[in-house]
1. Do you know which of the residues in the range 92-118 that are touching a residue at least 60 places away in the same chain (Cβ under 8 Å) and over 17 Å from residue 246 (Cα atoms) is surrounded by the fewest Cβ atoms within 10 Å (Cβ to Cβ)?
2. Say whether the condition of being assigned by TED's automatic domain parsing to the domain that holds residue 59, in contact with a Ser or Thr (Cβ under 6 Å, 6 or more places away or on another chain) and either assigned to a helix (DSSP H, G or I) or on the phi < 0 side of the Ramachandran plot (or both) is met by at least one residue in the range 159-173.
3. Taking the residues in the range 165-182 that are at pLDDT below 90 and surrounded by 12 or more Cβ atoms within 10 Å (Cβ to Cβ) as candidates, determine which candidate is farthest from residue 107 (Cα to Cα).
4. Please tell me if residue 186 is over 28 Å from residue 267 (Cα atoms) and polar (S, T, N, Q).
5. Checking the conditions here, which among 45, 63 is more than 23 Å from the chain's Cα centre (by Cα) and modelled with pLDDT under 95?
6. Against the definition (among the β-branched types (Val, Ile, Thr), touching a helix residue (DSSP H, G or I) at 6+ places or on another chain (Cβ under 8 Å), part of a helix (DSSP H, G or I) and under 20 Å from residue 99 (Cβ atoms)), how does residue 232 come out, yes or no?
7. Residue 138 passes all but one of (1) surrounded by 18 or more Cβ atoms within 10 Å (Cβ to Cβ); (2) in a strand (DSSP E or B); which number fails?
8. Within the range 66-91, track down each residue that is surrounded by 12 or more Cβ atoms within 10 Å (Cβ to Cβ) and closer than 20 Å to residue 126 by Cα.
Amino acid sequence: MRFYKNILLEADDVIKRPIFHFTELTGMYETAMKGLDTELNIPKNIFKSFQLKDELYPKMWTNEQLKPEIRKQLFKIAVDFFTKLELPEEIKLKDVLLVGSLANYNWSEYSDIDMHLVVDFSQFKEDEEFIKKFFDAQKNLYNIKHDIKIAGHDVEVYVQDKNEKIHAGGIYSIPKDSWTRMPTKNRFTVDKKNVKLKVDKFFDKMKSIEHAYKKENYKDVITKIDALKEQIKKMRQSGLERGGEYSIENLVFKVLRRTDFMELLDTYKNKAYDKMVSVNEEQP
């Protein structure tokens, strides 16, 4: 357990480091907030990215089969990641699943290559919530230390329990080289007005965070951001469970992620933390 705790502390320390200089932060905020007093203008290419394509991403797929060179490289990344975890010998990698838009017909320039490494959480002595935090910390460390792209897209690694339900239209087993769930071209219409309305409400909450930061209420900033990120997480999960990938809630999450919103939250939190724990060296 000590090993797991050390990893969590290391990840927490890395994640607290500033992502941007404050001048860049200000510019991002001004760009993201521009026009919000009247109407939130979401770039057209973001809504366009939700449209279904006629075929799977051609740089990765041929006749609905993952290209051999892509499959080989993705599996190597998964095994390397899993090996570096240095887990007890009895913990085995049960499967490596490719999910998300690049395993479906809704791929776009914004898509990440989402790989889920499947293990049996019941084999660990620690409780499931602690194990999830451990794996999330490892994932964050991996993404910070590496910038791996396959076919022009970032690779995202996630460790999940074998019993965890995946809300995805397409699921492909990389080791088995076969579909666990074949995607279908279910046409849908994006309710742009509703998506904009919900996104606008989240940006309103960003204004409250920005105001607290200017007032130097740094503890309040961190509390507000933690609560907001938890709200976004629950909103998305609820949408996935009720309506799948194309639910309003999941589309709102994708809009937030494809703008600077999520990065701004992390940056404000990092800056607020740094300010809160810094010591003023000026003597009276």
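The values are calculated or read from the model by the stated rules, or taken from the named source; none is laboratory data. Note that the structure is predicted; figures quoted are calculated from it, not measured. Quick reminder, even Gly has a Cβ in these numbers, built from the backbone with ideal geometry, and neighbours come from all protein chains shown.
1. 109
2. Restricting attention to the range 159-173, the residues satisfying the condition of being assigned by TED's automatic domain parsing to the domain that holds residue 59 are 159-173.
Among the residues that remain, those that are also in contact with a Ser or Thr (Cβ under 6 Å, 6 or more places away or on another chain) are: 171, 173.
Going one step further and asking which of them are either assigned to a helix (DSSP H, G or I) or on the phi < 0 side of the Ramachandran plot (or both), we end up with 171, 173.
Looking through the range 159-173, at least one residue is assigned by TED's automatic domain parsing to the domain that holds residue 59, in contact with a Ser or Thr (Cβ under 6 Å, 6 or more places away or on another chain) and either assigned to a helix (DSSP H, G or I) or on the phi < 0 side of the Ramachandran plot (or both).
3. Going through the qualifying residues, I end up with 166.
4. Values: over 28 Å from residue 267 (Cα atoms): yes; polar (S, T, N, Q): yes.
When the stated conditions are applied, residue 186 passes them.
5. Numbers: 45 fails: more than 23 Å from the chain's Cα centre (by Cα).
Only one candidate qualifies: 63.
6. Values: among the β-branched types (Val, Ile, Thr): yes; touching a helix residue (DSSP H, G or I) at 6+ places or on another chain (Cβ under 8 Å): yes; part of a helix (DSSP H, G or I): yes; under 20 Å from residue 99 (Cβ atoms): yes.
Yes; evaluated as a whole, the condition is true for this residue.
7. Residue 138 satisfies all of (1) surrounded by 18 or more Cβ atoms within 10 Å (Cβ to Cβ); (2) in a strand (DSSP E or B) except (2).
8. Within the range 66-91, 82, 85, 87, 91 meet the criteria.
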